[in-house]
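Contents: one structure, followed by commentary.
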Amino acid sequence: MEIYLVRHTTPAISKGICYGQSDITLAATFTEESRRVLEKLPASVDMVYTSPLNRCLQLAQRIPHQALEQVSQLKEMNFGDWELLPWSEIPKQELDPWMEDFVHYSVPNGESMKMLADRVARWYESLMATTFDKIVVLTHAGPIRIILSKVHGTPLQEAFNLYSVDYGEVIIIS
């Protein structure tokens, strides 16, 4: 089984804005970026699993595939009350505890990284029971880091330091 982990292309949002499950549009560079992503993938794959958020779904629909499934567990972390706020405007009394323990601290009306990891890991385990040969998983940086941490057995606290995931990046797991 070959799994191609793909992060969506560049979103059309200013730097410094907190976004996770907000359904934002893609940058004007989408066509060129998607072409570069497609060059890194096989000519055809058995299955494409995608986050249902627009920034993933648009690219997923361009990938030659046998089947495509939208998977809510592949959504980015839910940043709750922080969604679409500039990081600089998030109240310090909320941000500081999260920065100290982002794995366990739940964002107000959102998720912790542990909650994200639990939902992604449950889905990933079901993926391992499939018989597909070539699979594309089109998602966000958070879920990709979770999958890589699971595959490599690394602690969640290390995920941001160990796994840098750029827009449009393709990571292959065999």
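Here are a few things to note about the model shown:
- Residue within segment 90-103 that is touching a residue at least 60 places away in the same chain (Cβ under 8 Å) and either of a type in the set (A, V, I, L, M) or part of a strand (DSSP E or B) (or both) present: yes
- Any hit, segment 14-23, residues being assigned to a helix (DSSP H, G or I), open to solvent by less than 10 Å² (accessible area, probe 1.4 Å) and on the phi < 0 side of the Ramachandran plot: no
- Pairs where the first residue, in segment 27-41, is closer than 13 Å to Cys56 by Cα and the second is in a loop (DSSP other than H, G, I, E, B) and open to solvent by 100 Å² or more (accessible area, probe 1.4 Å), C-beta under 7 Å, 6+ apart: Ser34/Arg62
- Odd one out for Gln58, checked against (1) in contact with a Pro (Cβ under 7 Å, 6 or more places away or on another chain); (2) surrounded by 12 or more Cβ atoms within 10 Å (Cβ to Cβ): (1)
- Only residues that are farther than 19 Å from Leu162 by Cβ and of a type in the set (A, V, I, L, M) were counted across segment 108-149, and they come to 7.
- Here Val48 meets the list (1) under 26 Å from Phe132 (Cβ atoms); (2) touching a residue at least 24 places away in the same chain (Cβ under 8 Å); (3) not in a strand (DSSP E or B) almost entirely, failing just condition (3).
- Selection status of Thr31, within 10 Å of Arg55 (Cβ to Cβ), hydroxyl-bearing (Ser, Thr, Tyr) and at pLDDT 95 or above: no
- Taking the criterion of being assigned to a helix (DSSP H, G or I) and either farther than 19 Å from Pro11 by Cα or out of contact with any Ser or Thr (no Cβ under 7 Å at 6 or more places or on another chain) (or both), the residues of segment 56-86 that qualify are Gln58, Ser72, Gln73, Gly80, Asp81, Trp82.
The values are calculated or read from the model by the stated rules, or taken from the named source; none is laboratory data. All figures in this text were calculated on a predicted structure; none of them were measured in a lab. Neighbour counts are summed over all protein chains in view; Cβ atoms, including those assigned to glycine, are modelled from backbone coordinates with ideal geometry. The accessibility values were calculated without ligands, DNA or RNA, using every heavy atom of the protein model including side chains. Shrake-Rupley method; radii C 1.70, N 1.55, O 1.52, S 1.80 Å.
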